[in-house]
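Participant: I am attaching a structure below and will ask some questions about it afterwards.
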Amino acid sequence: MHADIAWPCSLHPSTQASLLALAKPFDCQRLTGSLPGVLYVSSGCLVTYAANASISNSLGLIFGRGCWLGTQSIHNPAYAPSERYETLLPTELLLFPRADIESLSEQEPEVFKFLFHIAQQVVRISLQMGSNTLFCLTTRIVYVLLELVAKNTAANTPVPSLNITQQRLSQITGISRPRVNEVLKELARTGEITIRRSELNITDMAALKARLHPFSLMYYDPVPHIQPPISG
């Protein structure tokens, strides 16, 4: 049933089977700051933000198909983050419940390897989004556009299309909406994107990639994860 799961690292088949025996569908509407275990994105795309009523914008972390999250609460009962989650596309999740993962880790030590690699992936994404605030607004927005393409399998077309509003881009990047609008207009002027209401088309992927500094890809590079476009 879940044979196509993208495991975060190599695992013995018996460990994979033990983990899969724990998996159950999880409703995205039940996502809260304190996750009930490890989650796997089977399809779709979602974003998580640090939630604080006094902060108007917050950097968002994007998780698409094949991504894992939720290791922070494992064997860590004091962990109580304040986060909110929004789906960017219809999303299906698999839950590996906290208590079950903790119990299995005591029986099969390789589960700790599984958790470690997931944590590494999430940390790299977090570090990259944070360090990119050192760059110009254009670089920050281009990075997020490419990450959205990489994590949106529906965008795997000759002209990748993203259904996203400027307000949502503002929330993810931590950049005000007027400044997001300025950057998108400039990218449209140079022929790298086209804009139609809440739809954004990537018309010159190579030019967008060329705008990224190596440091803005040091911890996590979404570009290799962008699938070749479907021909025809």
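Participant: Tell me which DSSP H helices of the chain clear both cut-offs, 30 Å or more of axial length from alpha-carbon atoms and a mean Kyte-Doolittle hydropathy of at least 0.5.
Facilitator: The answer, listed by residue number, is 110-131.
Participant: Hey, any idea what % of segment 1-130's accessible area is carbon plus sulfur with a 1.4 Å probe?
Facilitator: So the carbon and sulfur contribution to the accessible surface is 55 percent.
Participant: Which lysines, if any, have their Cα less than 29 Å from the Cα of Lys185, not counting same-chain residues under 8 positions apart?
Facilitator: Cross-link targets: Lys151, Lys209.
Participant: What number, in percent, do you get for the relative contact order of the chain if the mean sequence gap of Cα pairs under 8 Å and at least 6 apart is divided by its residue count? Could the numbers behind the result be given before it?
Facilitator: Values: 375 pairs, mean separation 50.7, N = 232.
For the chain, the relative contact order is 22 percent.
Participant: In a shell of Cβ-Cβ distance under 14 Å around Ser198, excluding Ser198 itself, what net charge do Lys and Arg (+1) and Asp and Glu (-1) give? Write down the numbers at each step before the final one.
Facilitator: Working: positive: Arg168, Arg177, Arg196, Arg197; negative: Glu199.
Once positives and negatives cancel, what remains is +3.
Participant: Need the full-extension length gain, His12 to His75, defined as separation in residues times 0.36 nm minus the C-alpha distance. One decimal, nm.
Facilitator: Separation in residues times 0.36 nm, less the Cα-Cα distance, equals 20.4 nm.
Participant: Quick one: what Rg and Dmax do you get for the chain from the alpha carbons, in Å?
Facilitator: Both quantities, over Cα of the chain: 18.3, 58 Å.
Participant: What translational D, rounded to a whole number of µm²/s, comes out for segment 88-213 from Stokes-Einstein when the hydrodynamic radius is the Kirkwood one over Cα pairs, at 10 °C and 1.306 mPa s?
Facilitator: For these conditions, the coefficient is 95 µm²/s.
Participant: If the chain between Arg189 and Cys136 were fully stretched, how many nm would it gain, using 0.36 nm times the residue separation less the Cα-Cα distance?
Facilitator: 17.3 nm
Participant: Further question on the same structure: Placing +1 at every Lys and Arg Cβ and -1 at every Asp and Glu Cβ, with all other atoms neutral, what dipole size does segment 123-232 have around its Cα centre, in debye to the nearest 20?
Facilitator: 240
Participant: Something else now. Full-extension gain between Met218 and Ser82, please, as 0.36 nm times their residue separation minus the C-alpha to C-alpha distance.
Facilitator: Length difference between fully extended and current span is 46.2 nm.
Participant: Express the relative contact order of segment 101-182 as a whole percentage, based on alpha carbon pairs under 8 Å and six or more residues apart in sequence.
Facilitator: 19
Participant: Quick check: convex hull over the Cα atoms of segment 53-111, volume per residue in Å³, rounded to an integer? Please list the in-between numbers first.
Facilitator: Values: hull volume 7.0 nm³, N = 59.
Per residue, the Cα convex hull of segment 53-111 comes to 119 Å³.
Participant: Something else: Taking a probe of 1.4 Å, how large is the accessible area per residue of the chain, in Å²?
Facilitator: Dividing the accessible area of the chain by its residue count gives 49 Å².
Participant: Sticking with this structure for a sec: Working with all protein chains in place, sort Ser73, Ser198 by solvent-accessible area computed with a 1.4 Å probe, largest first. Don't skip to the answer; put the middle values down first.
Facilitator: Numbers: Ser73 5, Ser198 55 Å².
Result, largest first: Ser198, Ser73.
Participant: Okay, next question. Between Phe116 and Ile5, what is the label-to-label distance in nm when each label sits 7 Å out along the Cα-to-Cβ direction?
Facilitator: 2.0
Participant: Any idea what % of Cα-Cα pairs in segment 77-143 are farther than 13 Å?
Facilitator: 79
Participant: Right, something else. Counting only the heavy atoms of the protein chains, how much of Asp221 is accessible to a 1.4 Å probe, in Å² to the nearest 10?
Facilitator: 50
Participant: Give me log10 I(q)/I(0) at q = 0.18, 0.23, 0.24, 0.28 Å⁻¹ for segment 156-213, Debye formula, one equal scatterer per alpha-carbon, no solvent.
Facilitator: These q points yield log10 I(q)/I(0) values of -0.62, -1.00, -1.08, -1.29.
Participant: Hey, another quick one. Starting at 0 and stepping by 10 Å, how many percent of the alpha carbon pairs of segment 11-122 end up in each bin?
Facilitator: Answer for segment 11-122: a P(r) of 14, 47, 31, 8, 1 percent.
Participant: If you take every residue apart from Arg65 with its C-beta less than 15 Å away from the C-beta of Arg65, what net charge results, scoring Lys and Arg +1 and Asp and Glu -1?
Facilitator: Charge balance near Arg65 sits at -2.
The values are calculated or read from the model by the stated rules, or taken from the named source; none is laboratory data. The model shown is predicted, which means the values in this text are computed figures rather than measured ones. With ideal geometry, Cβ positions are generated from the backbone for all residues, glycine too; neighbour counts draw on all protein chains shown. Just so you know, the surface numbers come from the protein's heavy atoms only, side chains and all, with ligands and any DNA or RNA stripped out. Shrake-Rupley method; radii C 1.70, N 1.55, O 1.52, S 1.80 Å.
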